[in-house]
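*Asks:* Have a look at the structure that comes next, please.
The values are calculated or read from the model by the stated rules, or taken from the named source; none is laboratory data. Given the structure is predicted, the values throughout are model-derived calculations rather than measurements. Cβ sites come from the backbone with ideal geometry, for glycine too, and all protein chains shown count toward neighbours. Ligands, DNA and RNA are excluded from the accessible area calculation, which covers all protein heavy atoms including side chains. Shrake-Rupley method; radii C 1.70, N 1.55, O 1.52, S 1.80 Å.
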Amino acid sequence: MAQAMFRIWRGDARGGGFQDFTVQISDGMVVLDVVHQIQAEQANDLAVRWNCKAGKCGSCSAEINGHPKLMCMTRLSSLPLDRPVTVEPMRTFPLVRDLVTDVSWNYEVKKRIKPFQPRTPDAADGTWRMDQRDVDRVQEFRKCIECFLCQDVCHVLREHQLHREYIGPRFYVHTAALEMHPLDVANRLADLRGPGGLGYCNITKCCTKVCPEGIKITDNAIIPLKERVVDEFYDPVRRLFRIFRPKPQPPPAKGAPEAEPEPTRTAASSSAPR
Amino acid sequence: MRRDAWWLQPTLVFLGLGAFIVYATWAAFQGVNYAWGPYLSPLYSPLLFGPHSWFGPEPGWWPRWLVFSPALLILWAPGGFRVTCYYYRGAYYKGFWADPPNCTVREPRKTYWGERRFPLIWQNIHRYFMYLALLFLVDLFVDFVRSLRWADAAHPGRVVWGLGVGSIVLFVNWFLLSGYTLGCHSIRHLIGGGRDLLSAIPKRAQAYNCVSCLNRKHMQWAWMSLFWVAFTDFYVRMCAMGMIRDWRIF
Ligand code: SF4
Ligand code: SF4
Ligand code: FES
Ligand code: FES
């Protein structure tokens, strides 16, 4: 069996440092396997968060050789093992201990985003009709597993710590899923431009590169949202036209169900954003 | 901390864009050798002033201290289009401004404004440059068609159709610029991306899909077209200076 050296960050908010571990490795192992092995054999108190070991729960986010990745989806065969492999907690969030960070800021941000607000139901029984073509686009955003790797890599949060003025790529994806949803009638553009801090994003695409779900965050969520914000606030001709345009449709009638629309033959089932 | 060659990509962007800027600036200030036979360099098109131009010879108001070059009158438009392009923005913020130098690499400055206020809030003007860029595509296609019309050596004053390598170079230039321009994020938005109900606008939805298809490779189109614009100018310039002979296919 081959050996490899792992350099794992140990410590808490007060401080810490890297600790080296030599481990036996075998074919098919992922970084999370190594961390578990170290936890079982060499450092029983090593803190690590994980759940599914299948790249679907978004718990095991960390920085491997400086790249934000899911530990459970990073095969050792994809890493150079002639040098120590570093494993660190996500840098953007407060450290709890070892590899575990406190990502609760994200949940607070999510609460501030206007929730799904469907238009008045299309049918008398309180259901809606959607065209598959209209939900196709938001389907991509719904693949998000909330691993927050994109938040971790985004330099606006990571480097400039603008957590108070900026919601980050994960929540641009979330907002895009709502804004582009065929049934949703709420307008979140002023929020995006103001407290959402969309203008801070300088489209450097680091978020897209790290997303384990392959969501094209920058091209399909952020830039389209930036363009919508331009429509609303920065395009002088548009603004002029808006003066003469009829007012947008009113919000849904009172009593309209808030829940996810019932699937119908033309409706795609899981398309209301979570 | 990253241990891979993270500096490589921003360095390549810096060198690539830097080389283009240096060449294009040099070529724009030449004011000569931008046309040969029926060929016109894309850096000088549309030719507003000068021989065979839209508005006649050098205008009287041109400042004396500045070398006369018709390129200086038009290059701001395609230049502005590229500078405000979403792809280039992300690339030069890294390559020229280290903001960030690359993903997860520490930055040299503490302050950060992003595109939220002056000056970078002006990047939002991109769609207006895009409208101009569409006009340039028409203009460059006209240039290509004109490049097929040669003065007839046997009958002075008459023109004949013909094809030289230069026309192919001009056509490739137009083609690559079309791929780049038509994949623009602003077009993608305006053609349909800005609407939630694409099914209600089926024609535009189709166009949206085409633009999205080009958009997926926007970076590649951006670099290929950038290189080819410079190369096209170089080709025409070399012909005009007599350094190479254009090969006339028929
Ligand atoms: S593209 Fe924008 S959101 Fe994504 S990492 Fe870069 S600055 Fe952050
Ligand atoms: S968008 Fe991608 S990287 Fe960001 S939280 Fe969702 S799955 Fe993770
Ligand atoms: S353990 Fe669930 S994503 Fe890694
Ligand atoms: S986004 Fe690149 S040209 Fe518009």
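*Asks:* Restrict the check to region A:74-88 and report whether at least one residue is in the same structural domain as A:L32 (by TED's automatic domain parsing), charged (D, E, K, R) and not in a strand (DSSP E or B).
*Replies:* Scanning region A:74-88, I find at least one residue that is in the same structural domain as A:L32 (by TED's automatic domain parsing), charged (D, E, K, R) and not in a strand (DSSP E or B), so the answer is yes.
*Asks:* Hey, among B:G179, B:G166, which residue is in contact with a strand residue (DSSP E or B) (Cβ under 7 Å, 6 or more places away or on another chain), touching a residue at least 12 places away in the same chain (Cβ under 8 Å) and part of a helix (DSSP H, G or I)?
*Replies:* None of the others qualify; the one that does is B:G166.
*Asks:* Right, another one. When the residues of region B:218-250 are filtered to those that are assigned to a loop (DSSP other than H, G, I, E, B) and not aromatic (F, W, Y), which remaining residue is farthest from B:F20 (Cα to Cα)?
*Replies:* Taking the candidates together, the pick is B:I249.
*Asks:* Are there any pairs with C-beta distances below 8 angstrom linking a residue in region A:157-182 that is under 23 Å from B:Y112 (Cα atoms) and open to solvent by less than 10 Å² (accessible area, probe 1.4 Å) to a residue that is part of a helix (DSSP H, G or I) and of a type in the set (F, W, Y), with the two at least 6 apart or on different chains, and if so which?
*Replies:* Short answer, once both residue conditions are applied: A:Y166/A:Y200; A:V173/A:F141.
*Asks:* Here's something else I'd like to know. Please go through (1) within 16 Å of ligand 2 (Cβ to nearest atom); (2) open to solvent by less than 10 Å² (accessible area, probe 1.4 Å) for A:G66 and return the number of the only condition it doesn't satisfy.
*Replies:* Here A:G66 meets the rest and fails (1).
*Asks:* For region A:205-246, give me every one of the helices (runs of 4 or more DSSP H) that falls completely inside it and has 1 or more residues that are over 13 Å from the mean Cα position of the chain (by Cα).
*Replies:* Because the criterion is at least 1 residues that are over 13 Å from the mean Cα position of the chain (by Cα), the helices (runs of 4 or more DSSP H) in region A:205-246 that meet it are A:223-229, A:236-244.
*Asks:* State the number of residues belonging to region B:113-159 that are loosely packed, with under 13 Cβ neighbours inside 10 Å, outside any helix (DSSP H, G or I) and at negative phi.
*Replies:* Looking only at that region, the number is 9.
*Asks:* Could you tell me how many of the residues in region B:182-208 are within 11 Å of another protein chain (Cβ to nearest Cβ), basic (K, R) and in a helix (DSSP H, G or I)?
*Replies:* Total meeting the criteria: 1.
*Asks:* Being in contact with a Phe, Trp or Tyr (Cβ under 8 Å, 6 or more places away or on another chain), of a type outside the set (S, T, Y) and open to solvent by less than 20 Å² (accessible area, probe 1.4 Å), is that true of even one residue in region A:69-78?
*Replies:* There is at least one residue in region A:69-78 that is in contact with a Phe, Trp or Tyr (Cβ under 8 Å, 6 or more places away or on another chain), of a type outside the set (S, T, Y) and open to solvent by less than 20 Å² (accessible area, probe 1.4 Å).
*Asks:* Is it fair to say A:R91 is within 30 Å of B:D99 (Cβ to Cβ), within 16 Å of ligand 1 (Cβ to nearest atom) and open to solvent by 70 Å² or more (accessible area, probe 1.4 Å)?
*Replies:* Yes: the conditions hold for A:R91.
*Asks:* State whether one or more residues within region A:165-178 are within 11 Å of another protein chain (Cβ to nearest Cβ) and under 24 Å from B:P10 (Cβ atoms).
*Replies:* Yes, region A:165-178 has at least one match.
*Asks:* Also, I was wondering about something else. For region A:37-66: of the residues being within 14 Å of chain B (Cβ to nearest Cβ) and not β-branched (V, I, T), which is farthest from ligand 4 (Cβ to nearest atom)?
*Replies:* Among residues in region A:37-66 that are within 14 Å of chain B (Cβ to nearest Cβ) and not β-branched (V, I, T), the one farthest from ligand 4 (Cβ to nearest atom) is A:A62.
*Asks:* For region B:1-112, which fully contained helices (runs of 4 or more DSSP H) count at least 1 residues that are among the polar types (S, T, N, Q), open to solvent by 70 Å² or more (accessible area, probe 1.4 Å) and away from chain A (no Cβ under 13 Å)?
*Replies:* none
*Asks:* I'd like to check something: does region B:163-176 contain any residue that is more than 29 Å from B:L132 (Cβ to Cβ), open to solvent by 50 Å² or more (accessible area, probe 1.4 Å) and more than 14 Å from chain A (Cβ to nearest Cβ)?
*Replies:* No: zero hits.
*Asks:* Give region A:89-134 a look and list any residue that's within 30 Å of A:K69 (Cβ to Cβ), out of contact with any strand residue (DSSP E or B) (no Cβ under 8 Å at 6 or more places or on another chain) and not in a loop (DSSP other than H, G, I, E, B), or say none.
*Replies:* Passing the criteria: A:V100, A:S104, A:W105, A:N106, A:Y107, A:E108, A:V109, A:K110, A:K111, A:R112.
*Asks:* Which one of these does A:K69 not meet: (1) part of a strand (DSSP E or B); (2) within 14 Å of chain B (Cβ to nearest Cβ); (3) away from ligand 3 (no atom under 16 Å from the Cβ)?
*Replies:* (3)
*Asks:* Moving to a separate point now. Please return the ranges of helices (runs of 4 or more DSSP H) entirely within region A:136-186 where 2 or more residues are within 15 Å of ligand 2 (Cβ to nearest atom) and β-branched (V, I, T).
*Replies:* A:169-179
*Asks:* Exactly one condition in (1) at the interface with chain B (Cβ under 10 Å from one of its Cβ atoms); (2) modelled with pLDDT of 95 or more is false for A:D136; which is it?
*Replies:* (2)
*Asks:* I would also like to ask the following. Looking only at residues that are among the charged types (D, E, K, R) and farther than 19 Å from A:S77 by Cβ in region A:11-62, which one is least open to solvent (accessible area, probe 1.4 Å)?
*Replies:* A:D12
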